[in-house]
Amino acid sequence: MPSQESETIKRHWQSVRKAWDEPRGPQPDNESWGNLTAEPREVDYLEIEAAGLPAMWAIPKNSAADRVLLCLHGGGFVGGSIYSHRKLFGHLAKAAGVRALLLGYHLAPKHVFPSQVDEAVAGYRWLLEQGFDAGHIAFTGDSAGGGLSITAQLRAREQGLPVPAATLPFSPWVDMEVGGKSYETNRPREPYFHKETVEMLAGVYLGPDGDLRDPHANPLHADLSGLGPMYIQAGGDEGLLDDARLLADHARRAGVDVRLDVFDDMLHTFQMGAGRVPEADDAIRRMADWVRSKLDLTDGRDQAGSGS
């Protein structure tokens, strides 16, 4: 049985659907998504510019100064921001005992693919230029940011950059062809992410000349061999569930070490309920425990420091 607290996630997506269906009615602002998340506390935030892009450090108290999560927010490439996701990634960074860099990127339809991929690569290059070792960096992101956490690595590798240590995409949106069967099987329980909705978002992101099978937009058509370990999470009731399953299968066939956890009765990006929803806290804990070993932080917070 899902927790009573998890109903807030459902109500959020129901309100987004209502706003979608009634465009002349009240519309949620771009930061309201973050209202689902409790303040993690004992996390400092510093807004900076990284590679010419808006960015924000989330620095938990006593966290490792030389381990970083590069965080890419979701929002269908048309919404979301470093502000809507500040608390979510603050929770993850705090649980893992590392710092996080939340990277902003330009949104569609004004900026279409591959702008977002190139900007994510630029943010990664900036981290490397600051002296962070690729083996001490993990990519993470939700929804569109989850897919971006994969495609940015592919572009970075093409440019001769080393791949990061690991990837944590949750509720990832990766299939621009929108072919997953879960759009139909989960439709009675999915408030917002219906097949036709995601098809529209894919068209906005890719633009009029976009290719649904471009491997830098759709990693299901990319060569994922050589990428680091990947931990994928998804909600059992979300329309995009098959995106997570398809990504996991495709990565495994390429020889990538993959873990996939599906949380029964949960919806898209339920992790946004961190600090308030038990299932979200469980998901954050699992991600944090997993990534610590991938970043070679297995015994305590002995690498802690203030950083610069």
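Since every read-out is calculated from the coordinates, none of them should be taken as a lab result. Note that this is a predicted model, so its numbers are computed, not measured. Reconstructed Cβ throughout: ideal geometry from the backbone, glycine too, with neighbour counts over all protein chains shown.
Going from the fewest other Cβ atoms within 10 Å to the most, the residues I48, I9 appear in the order I48, I9.
Stokes-Einstein D for the stretch 74-174 at 4 °C, 1.567 mPa s, Kirkwood Rh over Cα pairs, in µm²/s? Numbers along the way, then the final one.
Numbers: Rh = 13.7 Å.
Answer from the Stokes-Einstein relation: 95 µm²/s.
Dividing the summed -39500 (n - 2.57) terms of all DSSP H runs of n ≥ 4 by the residue count of the chain sets its mean residue ellipticity at 222 nm at -10500 deg cm²/dmol.
Extent along the principal axes, Cα only, for the stretch 149-308: 49, 41, 32 Å, with the longest axis given first. DSSP loop trypsin sites (Lys or Arg not before Pro) in the stretch 107-179 with at most 10 other Cβ atoms within 10 Å of their Cβ, which ones? Answer in residue order: K110.
Along its three principal directions, the equivalent ellipsoid of the chain from the Cα gyration tensor extends over semi-axes of 27, 22, 19 Å, largest first.
Comparing L267, L46, L88 in a Gaussian network model of the chain, where Cα atoms under 10 Å apart are tied by springs, the biggest mean-square fluctuation is seen for L46.
Using only side-chain charges placed at the Cβ, +1 for Lys and Arg and -1 for Asp and Glu, the dipole size of the stretch 197-245 relative to its Cα centre rounds to 140 debye. With q set to 0.19 Å⁻¹, the log10 of I(q)/I(0) for the stretch 124-240, from the Debye formula over equal scatterers at the Cα positions, is -1.02. Cross-link pairs exceeding 25 Å between alpha carbons, from the set K61/K294; K94/K195; K10/K87; K110/K181: K94/K195; K110/K181. Loop-located GluC sites (Glu not before Pro) in the stretch 1-87 (DSSP state not H, G, I, E or B) with no more than 12 neighbouring Cβ atoms inside 10 Å: E42. Where is the GNM fluctuation largest for the chain (alpha-carbon springs, 10 angstrom cutoff): G74, G210, G145? Among G74, G210, G145, the largest mean-square fluctuation in the Gaussian network model of the chain belongs to G210.
Working from Cα pairs under 8 Å separated by at least six residues, relative contact order for the chain is 22 percent.
Let's see if you can work this out: charge +1 on each Lys and Arg Cβ, -1 on each Asp and Glu Cβ, no other charges. What is the dipole magnitude of the chain about its Cα centre, in debye to the nearest 20? Please report the intermediate quantities before stating the final value.
Details: 31 positive and 44 negative charges, 67 e Å.
Charge dipole, the chain, about its Cα centre: 320 debye, nearest 20.
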